[in-house]
Amino acid sequence: MSVAPAPKLIIKRQDGQYRELDWVSELLTVGRDGANDIVIDHPLASRRHARLERLVDGYLIRDLESTNGTFVNQQRIDAPHHLHNQDQIIIADTVIVFHDPEATIKGVVPPELLRALRAELRVDTRTKEVFVKGRLIQPPLTVKEFQLLELLYVRQGQVVSKDEIARQVWDYEVFDYNAIDALVYRLRQRIEDDPTHPRYLLTQRGFGYKLIASPAEQGSA
């Protein structure tokens, strides 16, 4: 069973002092007195100013009836306050930033990842396995079939010429195009529901072939 990483407290003083503290204890006290876990040697800080509490369901800070108050994100707290990732605790001349390593970060899912999730056809270049609509192709493709599919998959959406296919799959500068057409035919038999009306491995007449892993997004492409 893995142990969750400890949150960090980034402690910054107005005079430029800076340190990081791993929050591993259940309780951390903050104040001017030297017995505190986090000492803020400033006249605006009370001797026992605040307490940080690590609970089963989260983290909070509690003001200990300090004279000048404890602030979270510039708002004075009057009751125990649950902390969230990147919250800023302000006491006297000190800012303590709470960093939760397990927090979910807001952001945009990369378009290439979304495309991969929606793809009907997926090639695992590490295991040399091919999946169509989540189904593993069995028996596995032949070496040449996989090499062709892998080449088109890496370049999916782009037209790959027969000359390039010859160089990449057979390592020849010049090759009989009939052999490439025959290989494409065999590959379509393995990956297409209807090889006579292919959805994934498309012919671009006069140019070569291209692979579409997510046909629904391509319309009539």
Q: Give the Debye-formula value of log10 I(q)/I(0) at each listed q (0.14 Å⁻¹), with one equal scatterer per alpha carbon of the range 127-206, two decimals each.
A: -0.45
Q. Ranked by accessible surface with a 1.4 Å probe, highest first, in what order do 37, 57 come?
A. 57, 37
Q.
Could you derive backbone 3J(HN,Hα) for the range 13-28 from the dihedral phi with the Karplus parameters 6.51, -1.76 and 1.60 (θ = phi - 60°), listing whole Hz in sequence and x where the residue is Gly or Pro?
A. 9, 4, 7, x, 5, 8, 7, 10, 10, 6, 8, 10, 8, 5, 10, 10
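Rounded to the nearest whole Å², what accessible area per residue is found for the range 30-99 with the 1.4 Å probe? Please list the in-between numbers first.
Details: 3770 Å² over 70 residues.
Result: 54 Å² per residue.
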Q.
Taking a ≥ b ≥ c as the square roots of the Cα gyration tensor eigenvalues, with a/c under 1.5 meaning rounded and otherwise prolate when a/b beats b/c, else oblate, which class fits the range 3-58?
A. oblate
Q: Run the dipole for the chain about the Cα centre, Lys and Arg Cβ at +1, Asp and Glu Cβ at -1, nothing else charged, and hand back the magnitude in debye, nearest 20.
A: 480 debye
Q.
If you split all Cα-Cα distances of the range 173-213 into 10 Å bins from zero, what percentages do you get per bin, shortest first?
A. 28, 56, 15, 1
Q.
Give me the 1.4 Å probe accessible area per residue for the range 118-210, excluding ligands and nucleic acids, in Å².
A. 60 Å²
Q. Just the Cα atoms of the chain: what Rg and Dmax do they give in Å?
A. 30.6, 88
Q) Ignoring any ligand, DNA or RNA, what whole percent of the accessible area of the chain comes from carbon and sulfur when the probe is 1.4 angstrom? A) 50 percent
Q) To the nearest 500 deg cm²/dmol, what mean residue ellipticity at 222 nm is calculated for the chain from DSSP H runs of n ≥ 4 alone, each contributing -39,500 (n - 2.57), summed and divided by the residues? A) -5000 deg cm²/dmol
Q. Taking the alpha-carbon centroid of each part, what is the distance from the range 118-196 to the range 20-71 in angstrom?
A. 62 Å
(Q) Using protein chains only and a probe of 1.4 angstrom, how many square angstrom of residue 62 are accessible, to the nearest 10? (A) 70 Å²
**Q.** FRET efficiency, residue 178 to residue 127 (Cβ-Cβ, R0 25 Å, nearest 0.05)
**A.** 0.20
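The values are calculated or read from the model by the stated rules, or taken from the named source; none is laboratory data. Note that this is a predicted model, so its numbers are computed, not measured. Cβ atoms come from the backbone with ideal geometry, glycine included; neighbour counts cover every protein chain shown. Accessible surface areas use protein heavy atoms only, side chains included; no ligands, DNA or RNA. Shrake-Rupley method; radii C 1.70, N 1.55, O 1.52, S 1.80 Å.
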